[in-house]
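Reviewing the structure listed below.
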Amino acid sequence: MGKNALPRAHVSAHALAPILADLPPKNIHEQAAPPSDETEYASHDSDDDEATPAASPLIHLSRKEKRKQKRHANLPTPPALSTSPSSKTPANHPARIPPTLLMRPTPALHSAQKAYPLLICSIGNPGTTYAHTLHSAGHTITTHIASVKSHQPFTKGLSGLVSRPDNITYAFNPFSGFRRTDGGPDVAGDDWTFWQSTSLMNVSGTGLVRAWREFSRSNKDARLVVIHDELESALGKVSVRDGGSSAKGHNGIKSAQASLGGTKWWRVGVGIGRPESREPDVVARYVLRKMSAGEMRAMEKACGSVVAALREIAEGRRN
C-alpha cells in the first residue's frame with residue numbers, strides 16, 4: 001500500500017455516494033432490452049444483486065444510500081442508449097403489430113350461392129324471311145349467345161325451337177350449372193336453356209306459356225326471361241324490367257302478358273332505334289327490314305350486357 005493511500009476500510013461512504021449515484025448501472029444494455037418469451041415471467045436471482053455497487057464487499061454504505069442507488073439503477077434506460085441488437089423488440093411482441101392491421105376487417109366467407117335455372121325465350125317473327133330483321137332482334141341475340149356458349153343447335157321442342165347445353169361434354173351442378181367434364185374450356189357455366197318462338201310476334205304468348213309450363217315441371221326453381229326488341233330505345237341499349245310492367249305498345253309483350261297471367265317473369269329489351277317518321281307504315285317497314293352489318297355488330301356487342309342481366313336474374317339479384 002502506498003504512503004499516501006488510505007486503508008479501504010476508512011474510505012468515506014459519504015464521499016463516494018454522489019459519484020456512484022451518477023454512474024449508470026453495470027449492464028445497462030441488457031436491462032434496457034425487453035425480456036424474451038422465455039424470461040418474461042422469470043424471477044430475478046442473486047446474480048443481479050452481486051452486479052450492483054451496494055453488494056461489493058469493498059464499500060460499506062448506509063441503508064439510505066443503498067436505497068438511493070437502487071432507485072437509480074432501476075430507472076428506465078433512455079432510447080438513445082438502447083443500441084445493442086438485444087434491445088430490438090421481438091417480432092412476436094404485441095407492440096410490433098401495426099395498428100392498421102388490427103383494425104382491418106376480416107374478409108367475409110363466401111357461402112355457396114344458389115343459381116336458378118333459366119328458360120330464356122326470344123319472341124319475334126319466324127322463318128328465314130324474318131331472320132335478322134330488327135323486329136326479331138331477340139332471336140338474333142339468343143342465337144348468338146347459344147352459339148358462343150357452345151349449346152346444342154336449335155331444334156324443335158317445348159312448342160318452339162330449343163337449344164340446351166351439350167350434356168355430353170358438360171356435367172350439371174346445382175350451384176354452378178353446366179361445366180365441362182372433358183378437360184376443355186368451360187364456356188357454359190350457366191344452367192340456361194334457350195327457346196325461340198315459332199309464332200308470329202303478335203300471338204307469341206300462346207307458345208310461350210306452353211313452353212314455360214313444360215319446362216317448369218322438371219325445373220321447379222327455374223325462372224322465365226323473355227328477350228325482345230325495343231323500339232324507341234337507342235340501338236343496342238339493354239334494359240331489364242319486370243314482365244308485368246308497361247308493354248309500351250309492343251304487341252308481342254302484350255300477348256305474353258295476357259297468356260302468362262300472374263306468372264313471375266323478366267323482360268330484357270334490346271334497343272333497335274326508330275325511324276324519323278311515326279307513321280305506322282314507315283314504322284312497320286323499319287322494324288321488318290333486315291339489319292345492316294353495323295346493326296348486326298351492335299346486336300352482338302349488346303350480348304355482353306344481356307348475359308350480365310341474365311346472370312343477375314339467375315343469381316337472385318333481381319327480384
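Nothing in this text is a laboratory measurement; each read-out follows from the coordinates by a stated rule. Predicted model, so just to flag it, every value in this text is computed and none were measured. Every residue, glycine among them, receives a Cβ derived from its backbone with ideal geometry; neighbour counts consider all protein chains shown.
Structure data summary
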read-out	value
Fraction in percent of alpha-carbon pairs per bin - 5 Å, the range 118-314	1, 8, 17, 21, 21, 16, 9, 4, 2, 1, 0, 0
Whole-Hz couplings from phi, Karplus 6.51/-1.76/1.60, listed for the range 303-315; x for Gly and Pro	4, x, 5, 5, 4, 4, 5, 5, 5, 4, 5, 5, 8
Burial ordering of ARG297, ARG267, fewest other beta-carbon atoms within 10 Å first	ARG297, ARG267
Calculated FRET value between ARG278 and ASP242, using beta carbons and R₀ = 22 Å, to 0.05	0.20
Under 12 Å, Cβ to Cβ, from GLY160 - net charge with Lys/Arg +1 and Asp/Glu -1	+1
Electrostatic dipole magnitude of the range 118-314 [Cβ: Lys, Arg +1; Asp, Glu -1; Cα centre; debye, to 20]	280
THR129 versus SER218: modelled label distance in nm, points set 7 Å from Cα along the beta carbon direction	3.3
Sum of side-chain charges, ARG217 neighbourhood, beta-carbon under 15 Å (Lys, Arg +1; Asp, Glu -1)	+2
Normalised per residue, the volume of the convex hull around the Cα set of the range 245-319 (Å³)	117
